[in-house]
Amino acid sequence: MQQQPPIDPRALARRFPQDFTWGVATSAYQIEGAAHEDGRGDSIWDVFCRQPGAIADASNGDVACDHYHRWQADLDLVGRLGVNAYRFSVAWPRVQPLGHGAWNQRGLDFYERLVDGLLQRGIAPHLTLNHWDLPQALQERGGWADRDTVHRFVDYAGEIARRLGSRLRSLTTHNEPFVQAVLGHESGIFAPGIRDRGVAVQVAHHLLLSHGLALRALRAEGVACDLGIVLNLAPIQPASGSEADLARARLEDGRLVRWYVDPLLRGSYPQDVVQALGADAPKVQPGDMEAIAEPLDFLGVNYYSRTVFNADGAVDPGSLGNPLTDMGWEVYPQGLADLLMRLHRDYPLPDVYVTENGAAFPDQMVDARVPDHARTQYIASHISAAADALAAGVPLRGFMVWSLLDNFEWASGYAKRFGIVHVDYATQRRTPKASAAWYRDFLLAMRASVAA
Ligand code: FCB
């Protein structure tokens with residue numbers, strides 16, 4: 001991959017409209033640190049990280065990138081990239097330590113400062129309410145498996161919207177309900193570490209329901225910003241044309257893609273998956289599906305790779321002939337174009353944003369620089385795939401790189417680095433990598449094409 005010629009930022013910039021949104025993304029637990037400061041409550045990730053063996057390097061988000069204290073310098077970094085958007089999340093237990101009852105003013109103040117700091121730098125704030133860090137106190141009452149959490153989330157959404165809504169460009173309810181439901185409650189490799197498929201299915205339903213009810217409540221209050229949700233989606237491809245491989249790929253597409261996009265954009269769960277779930281099918285109350293299908297202003301898509309299935313399961317990505325990232329994920333930019341075009345073909349889409357795309361690679365510091373050509377190539381080739389989708393008519397409005405900083409990569413800990421800015425965790429020193437310089441050059445070329 002590193003042998004390929006670098007993609008020319010100027011040629012690529014010409015393929016996007018001038019009002020396109022360009023951003024970088026982060027999430028609260030992965031960067032903030034200050035986990036026990038200023039009245040923040042525990043989240044399910046604080047507790048999960050204490051379980052022996054849960055995190056590869058036995059680390060946690062207690063300090064992370066110390067962004068809670070370094071946010072101004074970090075926003076300066078964002079500003080120097082030349083992006084016009086920044087996607088971040090609010091840690092619910094920082095603003096409402098128990099997930100119900102009292103609000104924590106010091107926590108709310110932090111996000112007020114952050115949003116104002118973005119606006120002062122001319123960067124549009126894109127806020128996510130739930131990037132996985134549910135207050136632990138709610139987990140102790142049943143967490144997302146308990147229908148009451150839906151209503152607690154709607155209250156939280158309302159409070160954030162009242163405090164910040166008029167200053168935001170967009171508000172996202174949930175990041176990746178699939179990951180929270182399935183990795184958190186079926187495989188148990190993410191917080192809260194539950195292993196029960198029936199629970200996972202009900203969690204996914206409650207996440208979707210709370211999303212729809214929150215949108216309704218925010219609209220009833222007249223919130224000004226765009227409202228949406230972020231899904232992790234991928235093309236699911238059969239390993240061969242055999243009946244068995246096709247059937248498996250179709251079912252896995254149902255579980256990952258249609259299970260979320262169908263209810264959101266069509267108002268119903270895909271029947272083939274409902275049937276396959278049998279007794280684990282979700283418990284749906286009258287009115288739930290209508291709420292979930294509350295119209296979206298935008299759909300956020302996080303894309304990293306495709307998955308190929310044969311009848312027995314996912315095929316080893318290493319056998320597919322393409323390079324792999326440090327996560328073991330296949331580098332497959334074509335999949336982003338395929339995915340976006342398929343969504344456009346199959347669904348009545350609202351505005352679409354690629355809300356995350358990026359890669360972990362084992363970076364090396366050479367003379368105080370990080371020449372991360374593999375990551376640069378990864379990002380550039382995916383932006384190019386996004387341009388293909390745009391040219392094919394997909395209503396794509398923006399693209400955000402995951403991530404601004406190296407950060408706490410969940411169960412993988414700190415060893416996997418996704419940042420376009422390197423973080424030395426011993427000193428908290430930030431060093432923009434070659435990928436950051438490429439992105440800055442690309443955004444400069446975008447602005448030059450505006451001026452031309
Ligand atoms: C996504 C998450 C994000 C980050 C990337 C690599 O699933 O939304 O927080 O961990 O993967």
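Inspect all residues belonging to the range 366-387 and state whether any of them is within 26 Å of Arg50 (Cβ to Cβ), within 16 Å of the ligand (Cβ to nearest atom) and within 22 Å of the chain's Cα centre (by Cα). No, there is no match, as no residue in the range 366-387 is within 26 Å of Arg50 (Cβ to Cβ), within 16 Å of the ligand (Cβ to nearest atom) and within 22 Å of the chain's Cα centre (by Cα). Considering the range 25-54, the residues that are of a type in the set (A, V, I, L, M, F, W, C) and within 13 Å of the ligand (Cβ to nearest atom) include one that is nearest to the chain's Cα centre (by Cα), namely Ala25. Only residues that are without any contact (Cβ under 8 Å) to a residue 24 or more places away in the chain and closer than 15 Å to Pro97 by Cβ were counted in the range 130-181, giving 2.
Just to be sure I understand, how many residues within the range 405-425 are assigned to a loop (DSSP other than H, G, I, E, B) and either in contact with a Phe, Trp or Tyr (Cβ under 8 Å, 6 or more places away or on another chain) or on the phi > 0 side of the Ramachandran plot (or both)? Lay out the reasoning, then the answer.
Just the residues of the range 405-425 that are assigned to a loop (DSSP other than H, G, I, E, B), to begin with: 406-409, 413-420, 425.
Cutting the leftovers down to either in contact with a Phe, Trp or Tyr (Cβ under 8 Å, 6 or more places away or on another chain) or on the phi > 0 side of the Ramachandran plot (or both) gives us 406-409, 413-414, 417-418, 420, 425.
Number satisfying all stated conditions: 10.
Checked against the criterion of being open to solvent by 20 Å² or more (accessible area, probe 1.4 Å), within 16 Å of the ligand (Cβ to nearest atom) and within 30 Å of Ala56 (Cα to Cα), the candidates Ala426, Ala434, Ala415 yield just one match: Ala415. Screening the range 298-340 for residues that are in contact with an Asp or Glu (Cβ under 6 Å, 6 or more places away or on another chain), open to solvent by 30 Å² or more (accessible area, probe 1.4 Å) and more than 16 Å from the ligand (Cβ to nearest atom) and picking the one that is farthest from Leu251 (Cα to Cα) gives Asn322. Only helices (runs of 4 or more DSSP H) whose full extent lies in the range 29-115 are considered here, and the ones with at least 3 residues that are among the hydrophobic types (A, V, I, L, M, F, W, C) and modelled with pLDDT of 95 or more are 44-49, 67-81. Ala102 meets the conditions (1) open to solvent by 10 Å² or more (accessible area, probe 1.4 Å); (2) among the hydrophobic types (A, V, I, L, M, F, W, C); (3) touching a residue at least 24 places away in the same chain (Cβ under 8 Å) in every case but one. The failed one is (3).
Would you mind finding the one in Gly198, Gly184, Gly212 that is more than 27 Å from Ala35 (Cα to Cα), surrounded by 24 or more Cβ atoms within 10 Å (Cβ to Cβ) and not aliphatic (A, V, I, L, M)? Can you show your working first?
Working: Gly198 fails: surrounded by 24 or more Cβ atoms within 10 Å (Cβ to Cβ); Gly184 fails: more than 27 Å from Ala35 (Cα to Cα).
The match here is Gly212.
Tell me the helices (runs of 4 or more DSSP H) entirely within the range 238-278 that contain at least 3 residues that are without any contact (Cβ under 8 Å) to a residue 40 or more places away in the chain and surrounded by fewer than 20 Cβ atoms within 10 Å (Cβ to Cβ). Once the helices (runs of 4 or more DSSP H) in the range 238-278 are filtered for at least 3 residues that are without any contact (Cβ under 8 Å) to a residue 40 or more places away in the chain and surrounded by fewer than 20 Cβ atoms within 10 Å (Cβ to Cβ), what remains is 243-253, 271-277.
The values are calculated or read from the model by the stated rules, or taken from the named source; none is laboratory data. Nothing here was measured: the structure is a model prediction, and the numbers come from that model. Cβ atoms come from the backbone with ideal geometry, glycine included; neighbour counts cover every protein chain shown. Remember, those area values only see protein heavy atoms, side chains included, never the ligands or the DNA or RNA. Shrake-Rupley method; radii C 1.70, N 1.55, O 1.52, S 1.80 Å.
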